[in-house]
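Here is the structure we will look at, set down as structure tokens.
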Amino acid sequence: NAGVTQTPKFQVLKTGQSMTLQCAQDMNHEYMSWYRQDPGMGLRLIHYSVGAGITDQGEVPNGYNVSRSTTEDFPLRLLSAAPSQTSVYFCASSQDSYQETQYFGPGTRLLVL
Amino acid sequence: SQQGEEDPQALSIQEGENATMNCSYKTSINNLQWYRQNSGRGLVHLILIRSNEREKHSGRLRVTLDTSKKSSSLLITASRAADTASYFCATVRWDYKLSFGAGTTVTVRA
């Protein structure tokens, strides 16, 4: 199993540009989520999904969209990038519920100029 | 807002020594999880302890949970250079919200 994969590993955007961060898992996990990690802030939940076709907002959802058309994929879209979205983004999945062990991807480092 | 807060923020120890870090939280939890993050990498799950458990072990790791004090501790015994990493606690509330603390950075000196 590849586990949780994320692409790209690193991206530079200009303010106002849009892009999609890809996340895929091959463990047949129902729950998937996106976090951002900023220095001294820990991880903050952006959006999460409890299964295909179902998504919900986390702690810091503004400026981001998600969709879940399949169990495997959970892309995160930045609609109009802002410097405040410079961060490291992690995707995670868990098997049965939001409460259980989270499996994390390697992260995407995003720089918005 | 962060539910869990780790203490200390940073810890430097000699190889072979024990490292202890603490996590305090504010509201009732379903379980508490500890994760490790090596520099530039994703988080790796270490241990999950449920609210009705008081202590769990995994290799050189020992986690305790005191729900009356709303705190948990992670002990790494006989530390190695490979234990150099950031350690995060994540609390899972009964409404299923998972919240990470800011982490403890551990440096193990050779």
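The values are calculated or read from the model by the stated rules, or taken from the named source; none is laboratory data. What you see is a predicted model, and the numbers here were worked out from it, not measured in a lab. Using ideal geometry, Cβ is built from the backbone for each residue, glycine included, and neighbour counts are taken over all protein chains shown.
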Go through the residues of segment A:68-84 one by one and say whether even a single one is more than 9 Å from chain B (Cβ to nearest Cβ), assigned to a strand (DSSP E or B) and surrounded by fewer than 17 Cβ atoms within 10 Å (Cβ to Cβ). yes
Taking the criterion of being within 14 Å of chain A (Cβ to nearest Cβ), surrounded by fewer than 20 Cβ atoms within 10 Å (Cβ to Cβ), touching a strand residue (DSSP E or B) at 6+ places or on another chain (Cβ under 7 Å) and free of Cβ contacts under 8 Å to residues at least 60 places away in the same chain, would at least one residue in segment B:5-27 satisfy it? yes
For B:Ala110, only one of the following conditions fails: (1) at pLDDT below 95; (2) touching a Gly at 6+ places or on another chain (Cβ under 7 Å). What is its number? (2)
Suppose we filter segment B:28-51 for residues that are part of a strand (DSSP E or B) and either at the interface with another protein chain (Cβ under 10 Å from one of its Cβ atoms) or touching a residue at least 60 places away in the same chain (Cβ under 8 Å) (or both); how many remain? 14
State all residues of segment A:1-49 that are surrounded by fewer than 19 Cβ atoms within 10 Å (Cβ to Cβ), under 17 Å from A:Gln95 (Cα atoms) and under 14 Å from the mean Cα position of the chain (by Cα); if no residue qualifies, say none. A:Thr5
At least 3 residues that are under 18 Å from B:Val44 (Cβ atoms) and facing chain A (nearest Cβ under 9 Å) in each: list the strands (runs of 3 or more DSSP E) lying fully within segment B:70-110 that qualify. B:85-93
Kindly indicate whether A:Tyr64 is modelled with pLDDT under 95, under 12 Å from the mean Cα position of the chain (by Cα) and of a type outside the set (A, V, I, L, M). no
Test of understanding: among A:Pro106, A:Pro61, which residue is away from chain B (no Cβ under 13 Å) and within 28 Å of B:Glu5 (Cβ to Cβ)? A:Pro61
Which of the residues belonging to segment A:85-100 are surrounded by 20 or more Cβ atoms within 10 Å (Cβ to Cβ), away from chain B (no Cβ under 11 Å) and under 14 Å from A:Ser49 (Cα atoms)? A:Ser93
If I filter segment B:55-69 down to residues being part of a loop (DSSP other than H, G, I, E, B) and surrounded by 12 or more Cβ atoms within 10 Å (Cβ to Cβ), which single residue comes out as farthest from the chain's Cα centre (by Cα)? B:Thr67
